[in-house]
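Down below is the structure, laid out as structure tokens.
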Amino acid sequence: MPALLIRNVSHRVKDNLLAYSAGIMVAASAYALIPSTLKLSNMFVLTIGILVGTAVLTLLEIVLPHQDAGHGADSTQIRPLLIIAAMAIHNIPEGISVGVSYASQFAELGSLVSFSIGLQNIPEGFLVCLFLVTNRIPRLQAFLYTAFTGLIELVSSLIGLQLSDAFLGIVPYGLAFAAGAMLFVVYKELIPESHGDGNERSATFSFVIGLISMIYLTNLSL
């Protein structure tokens, strides 16, 4: 909701926000999704999940209607549906992880996992909504799209709650899949767009700050 109050974002600010979002997503993948996958499984599962996630986002990019992002004052939209799809995919295994954690035999695991994921979702939700608004998506639509990605996590957590420890094996595949989807969006969309208008240096610092911010939130939840 705070993102809806921001108006008239300059290209420089937009590029820095995109880079900051990229840092958030890389840190979420590298310091939350990937380590969680390895704790629950192994490198084989991680590799398969990341490759499949990357392949699915590649297919979505081909199938979803879009305009190639340009640069300058008249730049077009940067595939908002792709960003929404990536965040929605990313939230499904997170929600299942919360539900399975509460259903597991380990005391306090559910509270720890839900608190950790909740902290991560605060900057993620804000930046997704702000990204949509700054790409000329109507504010009500931007709010509903962002809320939709969060609702998916709630529904998937309820599904996870009904699963027993026997189904814990599906979670690492989902986490790795989400990591692959997010890394695709970062490298294919966010970083190239943030470096296209002469703001490379400030965007680089924004990326690093976003990375550090997410690492801090991740460590805070541990």
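The values are calculated or read from the model by the stated rules, or taken from the named source; none is laboratory data. Note that the structure is a prediction, hence the values are computed from the model and not measured. In this analysis, Cβ positions are derived from the backbone assuming ideal geometry, glycine residues included, and neighbour counts consider all displayed protein chains. Areas reflect the complete protein model, heavy atoms only, side chains present, ligands, DNA and RNA absent. Shrake-Rupley method; radii C 1.70, N 1.55, O 1.52, S 1.80 Å.
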*asked:* Quick test for you: out of Tyr102, Tyr145, pick the one residue that is assigned to a helix (DSSP H, G or I), hydroxyl-bearing (Ser, Thr, Tyr), at pLDDT 80 or above and open to solvent by 20 Å² or more (accessible area, probe 1.4 Å).
replied: Tyr145
*Name the residue, out of Val171, Val155, Val133, that is within 22 Å of Gly23 (Cβ to Cβ) and among the hydrophobic types (A, V, I, L, M, F, W, C).*
Val133
*Do you know which of the residues in the range 168-222 that are aromatic (Phe, Trp, Tyr) and either in a loop (DSSP other than H, G, I, E, B) or in contact with a helix residue (DSSP H, G or I) (Cβ under 7 Å, 6 or more places away or on another chain) (or both) is nearest to Leu40 (Cα to Cα)?*
Tyr173
*Which of the residues spanning the range 1-48 are assigned to a loop (DSSP other than H, G, I, E, B), small (Gly, Ala, Ser) and in contact (Cβ under 8 Å) with a residue 12 or more places away in the chain?*
Ser41
_Quick check on Val128: is it open to solvent by 40 Å² or more (accessible area, probe 1.4 Å) and part of a helix (DSSP H, G or I)?_
no
*What pairs come up if the first residue lies in the range 169-189 and is under 18 Å from Leu82 (Cα atoms), the second is not in a helix (DSSP H, G or I), and their beta carbons are under 8 Å apart, counting only those six or more places apart or on different chains?*
Glu189/Ala69; Glu189/Ile78; Glu189/Arg79
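Can you name every residue in the range 155-175 that is open to solvent by less than 50 Å² (accessible area, probe 1.4 Å) and either more than 14 Å from the chain's Cα centre (by Cα) or of a type in the set (S, T, N, Q) (or both)?
Listed by number, the residues that qualify are Ser156, Ser157, Gly160, Leu163, Gly169, Val171, Pro172.
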*Of the residues that make up the range 195-207, is at least one crowded, with 18+ Cβ neighbours inside 10 Å, of a type in the set (A, V, I, L, M, F, W, C) and touching a Pro at 6+ places or on another chain (Cβ under 7 Å)?*
no
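Given the criterion under 14 Å from the mean Cα position of the chain (by Cα) and among the hydrophobic types (A, V, I, L, M, F, W, C), identify the matching residue among Ala203, Ala178, Ala142. Give the derivation first.
Numbers: Ala203 fails: under 14 Å from the mean Cα position of the chain (by Cα); Ala142 fails: under 14 Å from the mean Cα position of the chain (by Cα).
Step by step, each of Ala203, Ala178, Ala142 is checked, and only Ala178 is under 14 Å from the mean Cα position of the chain (by Cα) and among the hydrophobic types (A, V, I, L, M, F, W, C).
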